[in-house]
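As structure tokens, the structure follows; a few thoughts come after it.
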Amino acid sequence: MNPLLNLISLLGIAGLCFIAWLTSENKRVIPWNVIIWGIGLQMVIGLIVFVLGSQLVEGLSTLLNSILDASEAGARFLFGGPQSILVADPDFRAGPGPAGRWIARAVGTPYVAVPGDRIGPDNLNPGFAYVLAFRALPQVIFFAGLVSLLYRLNIIQPVVQIFAKIFQKTMGISGAESLSGAANIFVGIESAIAVKPYLLDMTRSELCAILASCFGSIASSVLALYAGFLRPTFPNITGHLVSASLMTIPACFVIAKILVPETGQPKTMGKVPEEPKTDKASLPNPMDSLIGGALDGVKMAVGIAAALIAILGMVALVNLVFQTLAGLSDSNFFLLSWIGNIFQVITLQNILGALFLPLTFLTGVSLEWQELWQSSLLIGRRLLETNIPPYQALAQLNANGEISNRAMLIVSYVLCGFTHFASYGIFVGGLSSLIPSRRSEVASLGFTALWAGTLATLMTGCMAGLFDFGNPAIFGK
């Protein structure tokens, strides 16, 4: 534990607000009420999560982890089995046990093929090979169906209303943007549908806040996707991702209101609108809601897979150009050799890591250069590659003992959001489709909201760093 890092995290909160003010549309208007109460709400949640309610987080993680385990049942049924290397079969016990394998290798050659070996000498009988498409994406489908079912049973709506009223009463923002922000804790751009009747008359500041909330938080349908990567070394990660989503919504309002201050008069100021009443006879039955949500989850899973294939392929293609230029270092011509030496260290990941380095430092992640750089690389990669590769890389670094618990905690909080280019089209396009007459205005706010969501997730990382006092219990270890 280093108190200096906690101090940097505290100062980082103010630093991020100052950076937001430097890029504000109207620097003369500073929303002090939103800033004070928004940061205050984050600190209250941080106190509960890290100081007062560590057992609450552990219990929440245990509950959600049980749901995550249950979500794999369908994937095991479809892709598992004794002959499968795609999904683990917990009942599969072919071949000798660990002792028999040790004896076979001790008295024989370094690698002896024995029954039960599936892949080869570098990965002997792993039980399964982790394939993202068959292990993680089915969880997106399951959670999309589960959330749809909970909405149909009217379980989520009262919780959303509670959070919306807290946001509205404390920060003094409009009821519509409060409701949309609260709904973002559970869903993505679908949260805008809850305030669809008010979108056309919303102020520019309200629209920016709604978009920023979409970028800054994660939908519950992808909670399992991110948690699955870190669970082996960070058992309580699921509960912390929930707390990160809660903390980031007030941060999104703080940053969005600094970037695009409210200068108009919102029509829903002072009240949280009720969700429109729906005739129960016209509602689908619970099973239809479950299946319909799962089908929406299929579209989301396919979209995630398509985005990863396209984006990671393009990143590799650009890096290939850089590698080709780096090969010029062997040239006999001085100028070509000089260019090659420069490109020895230039990749898209390194460029983004350098750009995010000052922002990463403000979170108080570490004072060690290598760890600070590694954290900045992970956070910077998200902008192009989405959250999935950085979370996988973070899990690998943690498993190898190459990153501290503090860095893992802060980076996992910062990565908990949709602040990447792949989601820009989804959120901006989704909101534009609801109010086509304001399409150009929504598009102009898109990158401002993406910047707001990025700063908000970094502020959430600062909060995690502020309340991290080296207690291993918060990790579930």
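The values are calculated or read from the model by the stated rules, or taken from the named source; none is laboratory data. Because the structure is predicted, anything quoted here is derived from the model rather than measured. Counting neighbours? That spans all protein chains shown, and the Cβs are built from the backbone with ideal geometry, glycine included. Each accessible area value is taken on the protein alone, full model and side chains, heavy atoms only, with ligands, DNA and RNA left out. Shrake-Rupley method; radii C 1.70, N 1.55, O 1.52, S 1.80 Å.
Annotations
- Extreme residue, most open to solvent (accessible area, probe 1.4 Å), among residues of segment 361-392 that are closer than 26 Å to PHE447 by Cα and of a type in the set (Phe, Trp, Tyr): PHE361
- If only residues of segment 230-267 that are touching a Gly at 6+ places or on another chain (Cβ under 6 Å) and modelled with pLDDT of 85 or more are counted, the one that is surrounded by the most Cβ atoms within 10 Å (Cβ to Cβ) is THR248.
- Scanning segment 415-432 for residues that are crowded, with 20+ Cβ neighbours inside 10 Å and of a type in the set (Val, Ile, Thr), we see that the one that is farthest from PRO235 (Cα to Cα) is VAL428.
- Among residues of segment 350-370 that are under 17 Å from THR419 (Cα atoms), those with a Cβ under 8 angstrom from a residue that is among the basic types (Lys, Arg) and surrounded by 14 or more Cβ atoms within 10 Å (Cβ to Cβ), sequence gap 6+ or separate chain, pair up as LEU352/ARG381; GLY353/ARG381.
- Every pair of residues 6+ apart whose Cβ atoms lie under 6 Å, when the first sits in segment 21-36 and is under 17 Å from PHE447 (Cβ atoms) and of a type outside the set (Phe, Trp, Tyr) while the second is open to solvent by less than 50 Å² (accessible area, probe 1.4 Å) and in a helix (DSSP H, G or I): SER24/ILE258; SER24/LEU259
- Residue in segment 187-204 that is touching a strand residue (DSSP E or B) at 6+ places or on another chain (Cβ under 9 Å) and in a helix (DSSP H, G or I) present: yes
- Subset of segment 17-34 that is open to solvent by 80 Å² or more (accessible area, probe 1.4 Å) and assigned to a loop (DSSP other than H, G, I, E, B) - its residue that is farthest from THR457 (Cα to Cα): ARG28
- The set of residues in segment 393-414 that are open to solvent by 10 Å² or more (accessible area, probe 1.4 Å) and touching a residue at least 12 places away in the same chain (Cβ under 8 Å) comprises ALA393, ALA395, LEU397, ASN398, ALA399, GLU402, ILE403, SER404, ASN405, ARG406.
- Options ALA305, ALA281; residue that is part of a helix (DSSP H, G or I), modelled with pLDDT under 80 and within 32 Å of the chain's Cα centre (by Cα): ALA305
- Test: ALA227 is open to solvent by less than 20 Å² (accessible area, probe 1.4 Å), more than 22 Å from ILE162 (Cα to Cα) and not in a loop (DSSP other than H, G, I, E, B): yes
- Verdict on SER174 being surrounded by fewer than 24 Cβ atoms within 10 Å (Cβ to Cβ) and modelled with pLDDT of 85 or more: no
- When residues in segment 7-16 are screened for being within 22 Å of SER243 (Cα to Cα) and open to solvent by less than 60 Å² (accessible area, probe 1.4 Å), 5 of them pass.
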